[in-house]
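Notes to accompany the following structure.
The values are calculated or read from the model by the stated rules, or taken from the named source; none is laboratory data. Just so it is clear, the structure is predicted and the values come from calculations on it, not from any experiment. Here the Cβ is made from the backbone with ideal geometry for all residues, glycine too, and neighbour counts use every protein chain on show.
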Amino acid sequence: MLPDIAEIKRRRKRLGVTQKEIAAVAGVSQSLIAKIEAGKIKPTYVNVKNIIEALDSLEKEEKMAAKDIMNTKPMSVKKSDKVEKAIAIMNRSGYSQLPVLERGHVIGTISERTILDVVANGKDFAEILNKSVESVMNESLPTVQEAEHIDAVSTLLKTNHAVLVTKGGKVVGIITKADLFKIVKKK
C-alpha cells in the first residue's frame, strides 16, 4: 500500500531536494510533481510508486555512512616491513597505495608513485626493495569515523586516492574511488 500522496511534498522538503531533482530520479516531469503536491491532479499508481521509490532511494542515500561502503579488510604494512613486501601486497591486492600501521594506528602511506619517485631521483631499485617502508613512506591517507556521511568521504576522494575508516582510533576499513563508484552503479 502506498502512503498518502500528501507525504510526497513533506518528504521531499525534509530531504531538501527540489521538485526537478526528485522528478529526475523518479523518471517523471517536474510539472507532474508540482501538480501532485498542489493537489491539482490524481496521479497514476505507477507515477506515485516511482516518486515514492525515488524518495526512498534518496533517504537511504542520505543515511549512507563510510561503514556502509568500506572494504573491511584493508591491506597494510608496518613501518619496519621492506619496500619489497609492500610492492608484493600492492601487486596482489590491486591497490596502488597502502596505509602504514603501527598497532592498528595509521602513521603513513606507501604508494607506487612514492616508490617510482624515489627511483626517478636516481636511487637503485634493488637497493630500494631492501629499505624499510618507513624510509620511503609519505603522510597518511585521510581518516574518517565509521559513521561519517558519504558526502564527506566523496569530498576527500576528490584529492586523495583513498580514505581510511577508523573506529576507536584504529583502522577498520578503507574506501577507494572504485568503492564510491559501486554506489553510483547501483543507482
Collect the residues in segment 153-187 that are closer than 22 Å to Leu58 by Cβ and touching a residue at least 60 places away in the same chain (Cβ under 8 Å), keeping them in residue-number order.
Val153, Ile175, Asp179, Leu180, Lys182, Ile183, Lys187
Per the filter on segment 38-73, residues more than 28 Å from Leu180 (Cβ to Cβ) and surrounded by fewer than 17 Cβ atoms within 10 Å (Cβ to Cβ) are Ala38, Gly39, Lys40, Ile41, Lys42, Thr44, Tyr45, Val46, Lys49
May I ask you to list the residues in segment 91-112 that are more than 22 Å from the chain's Cα centre (by Cα) and assigned to a strand (DSSP E or B)?
Glu102
Starting from residues that are within 12 Å of the chain's Cα centre (by Cα) and more than 15 Å from Ala66 (Cα to Cα), keep the ones in segment 130-160 and report whichever is surrounded by the fewest Cβ atoms within 10 Å (Cβ to Cβ).
Lys158
Cβ-Cβ under 8 Å pairs, at least 6 apart or on other chains, segment 123-141 side at negative phi, far side in a helix (DSSP H, G or I) and small (Gly, Ala, Ser):
Val133/Ala86
I'd like to know if segment 113-135 contains one or more residues that are closer than 25 Å to Thr166 by Cβ, in contact with a Lys or Arg (Cβ under 7 Å, 6 or more places away or on another chain) and assigned to a loop (DSSP other than H, G, I, E, B).
no
Give me a count of the residues in segment 74-84 that are under 16 Å from Asn130 (Cα atoms) and surrounded by 17 or more Cβ atoms within 10 Å (Cβ to Cβ).
3
Taking segment 1-37 only, how many residues are of a type in the set (S, T, N, Q) and either touching a strand residue (DSSP E or B) at 6+ places or on another chain (Cβ under 6 Å) or surrounded by 14 or more Cβ atoms within 10 Å (Cβ to Cβ) (or both)?
3
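Here is a yes/no grid of residues against (1) in a helix (DSSP H, G or I); (2) outside the structural domain of Glu112 (by TED's automatic domain parsing); (3) modelled with pLDDT under 90:
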position: Leu156; (1), (2), (3): yes, no, no
position: Thr166; (1), (2), (3): no, no, no
position: Val172; (1), (2), (3): no, no, no
position: Asp179; (1), (2), (3): yes, no, yes
Residue by residue through segment 7-41, note down the ones that are farther than 14 Å from Glu53 by Cβ, free of Cβ contacts under 8 Å to residues at least 24 places away in the same chain and of a type in the set (A, V, I, L, M).
Leu32, Ala34, Ala38, Ile41
